[in-house]
1. Cβ-Cβ below 9 Å, separation at least six or inter-chain, first residue in segment 182-206 and in contact (Cβ under 8 Å) with a residue 60 or more places away in the chain and closer than 13 Å to residue 164 by Cα, second open to solvent by 30 Å² or more (accessible area, probe 1.4 Å) and polar (S, T, N, Q): which pairs?
2. Among the residues of segment 166-183, count how many are within 16 Å of residue 222 (Cβ to Cβ), within 21 Å of the chain's Cα centre (by Cα) and open to solvent by 20 Å² or more (accessible area, probe 1.4 Å).
3. So which residues in segment 104-139 are assigned to a strand (DSSP E or B) and open to solvent by less than 10 Å² (accessible area, probe 1.4 Å), if there are any at all?
4. Go through the residues of segment 92-103 one by one and say whether even a single one is within 18 Å of residue 19 (Cβ to Cβ), hydroxyl-bearing (Ser, Thr, Tyr), buried (at least 20 other Cβ atoms within 10 Å of the Cβ) and within 14 Å of the chain's Cα centre (by Cα).
5. Return the only residue of 71, 57, 62 being touching a Ser or Thr at 6+ places or on another chain (Cβ under 7 Å) and open to solvent by less than 40 Å² (accessible area, probe 1.4 Å).
6. Could you run through segment 60-79 and say how many residues are over 17 Å from the mean Cα position of the chain (by Cα) and either at pLDDT 95 or above or among the aromatic types (Phe, Trp, Tyr) (or both)?
7. Could you grab me the full set of residues in segment 75-91 that are open to solvent by 20 Å² or more (accessible area, probe 1.4 Å) and either touching a helix residue (DSSP H, G or I) at 6+ places or on another chain (Cβ under 6 Å) or not hydrophobic (A, V, I, L, M, F, W, C) (or both)?
8. Out of all the residues in segment 28-52, which are modelled with pLDDT of 90 or more, assigned to a loop (DSSP other than H, G, I, E, B) and open to solvent by 10 Å² or more (accessible area, probe 1.4 Å)?
Amino acid sequence: MSQNSKLQYTLPIIQAPDFTEHSYFVSESNSLAYRLVESWGGGPDKMCVVYGPSGYGKTHLGHILKDRTGGILIKAKDIGVETIRYVERSGSYIVDDLEDIERKDLAFHFYNVAKEKECYVVYLLNQAPGVWNSGLADLNSRLRSLSAIPLKQPEDSMCRAIIKKIFADLQVSVKEDVIDYLQDHTSRNLAEIQKNIYKLNSASLEYRRNITIPFIRKVLNVGV
């Protein structure tokens, strides 16, 4: 019998990210941004920027804010004439991946219309607005006038809690040394953590193997 015939072939499982509030862990690294969610609409600032590197939880925070406010989450690259036409007075908007804008002029126009209609808008950006350059001076100026809230690198305790929760959600039992190893040898990027665990789970099903430290080394090619 060939080695391949011993494998349990499984259909690929497309596991969508869990962007619900119950899966969002609040710690020192994201407490300021989460406070925005809890108090949104209660202060004088109707527009702000939340910024931090990819994988620090901006999109997750945006989905929570959308769910709480009944607002609209827009990918910046999708801002078009129709988007601007249907901006509602006092509406709530979350603009994700601002660094991916394709029509800077329309993004600037969206800003002005939302401001005029007294909308609540949160822009999600990879860099602080004082550092990022959109390529359009007027848009840079407007964004730099807004309150900017940083998302910092997740702490070890936060990464550990997320690792344990993802395994629990997948109904996969792993030992504490596996949690320790993943925390010490893989990225603190929250999206990467989820991606790695899904990869391990898929390989575990395919090879009918428990997830152990040697298995992690083989599948993820880390710590070798």
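The values are calculated or read from the model by the stated rules, or taken from the named source; none is laboratory data. For clarity, every value in this text was computed on a predicted model and none was experimentally measured. Cβ sites come from the backbone with ideal geometry, for glycine too, and all protein chains shown count toward neighbours. Only protein heavy atoms, including side chains, enter the accessible area calculation; ligands, DNA and RNA are left aside. Shrake-Rupley method; radii C 1.70, N 1.55, O 1.52, S 1.80 Å.
1. Matching pairs, first to second residue: 194/15; 198/15.
2. Matching residues across segment 166-183 total 1.
3. Passing the criteria: 121, 122, 123, 124, 125.
4. For segment 92-103, residues within 18 Å of residue 19 (Cβ to Cβ), hydroxyl-bearing (Ser, Thr, Tyr), buried (at least 20 other Cβ atoms within 10 Å of the Cβ) and within 14 Å of the chain's Cα centre (by Cα): absent.
5. Every option except 71 fails the conditions.
6. 2
7. 75, 77, 78, 82, 83, 85, 86, 88, 89, 90
8. Correct list: 46 only.
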